[in-house]
Amino acid sequence: MIHRQQLLVCASSTEPDRASTQAGFTLLELLIVMSVIGLLSALAMPVYQTAQARSQRQLAKLALMKSAQWLEQAATSQGSYPASLPTSVWQTPELKYRVNVNSQSQTYVLTATPVGNQQADDCGSLTLNQAGQRSAQGDAAMCWSK
């Protein structure tokens, strides 16, 4: 007959050591990983936002060019620049600018005004006139070149 102590010894000797078989991460390791992720995010976010603003500025310049082309075609057929600009000429779903036209019979000024979070862009409003002159609230050369 086997004694109770012998059963306990046999049972405990067949179980693997719990401390050596537990897998996982310690709290300190998780905190270090979270800190690294937070640091990388803090460094990458401004770069991403700058790229977004520059991309939106490119779309606004494209909208101004398309609008200028439409105005020139309309002036060729009508003899003067139209007083308004259809939104179908310049509007796209992703554009964060509003395009307006201020026209006389022989001149016009197109203005792309930023809306929403694009208002934080250093270039501000972009303008283009019938002579092809470009300007911006910020540095016009920098805003129209990139």
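The values are calculated or read from the model by the stated rules, or taken from the named source; none is laboratory data. Because the structure is predicted, anything quoted here is derived from the model rather than measured. A quick note on method: Cβ atoms are made from the backbone with ideal geometry, for glycine too, and the neighbour counts reach across all protein chains shown.
Quick notes on this structure:
- Region 116-140 - residue that is aliphatic (A, V, I, L, M) and exposed (fewer than 11 other Cβ atoms within 10 Å of the Cβ) and, of those, nearest to the chain's Cα centre (by Cα): ALA120
- Pick from region 94-115, criterion surrounded by fewer than 18 Cβ atoms within 10 Å (Cβ to Cβ) and over 17 Å from LEU59 (Cα atoms), ranking: nearest to the chain's Cα centre (by Cα): VAL109
- When SER84, SER103, SER135 are screened for being within 13 Å of LEU64 (Cα to Cα) and small (Gly, Ala, Ser), only SER135 passes.
- Being of a type in the set (A, V, I, L, M, F, W, C), surrounded by 14 or more Cβ atoms within 10 Å (Cβ to Cβ) and modelled with pLDDT under 95 is a property that holds for ALA75.
- Subset of region 20-67 (residues that are in contact with a strand residue (DSSP E or B) (Cβ under 6 Å, 6 or more places away or on another chain) and of a type in the set (A, V, I, L, M, F, W, C)): ALA60, ALA63, LEU64
Residues are listed down the side, and each one gets a yes or a no for (1) touching a Leu at 6+ places or on another chain (Cβ under 8 Å); (2) under 21 Å from GLY124 (Cβ atoms):
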| site | (1), (2) |
| --- | --- |
| SER41 | no, no |
| GLN49 | no, yes |
| ARG54 | no, yes |
| ALA68 | yes, yes |
| THR76 | no, no |
| PRO93 | no, no |
| TYR97 | yes, yes |
| GLN104 | no, no |
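- All of (1) loosely packed, with under 10 Cβ neighbours inside 10 Å; (2) farther than 22 Å from GLY116 by Cα; (3) at pLDDT 90 or above hold for ALA19 with one exception: (3).
- Residue match in region 42-55 (condition: modelled with pLDDT of 90 or more, over 15 Å from the mean Cα position of the chain (by Cα) and farther than 30 Å from GLN106 by Cβ): yes
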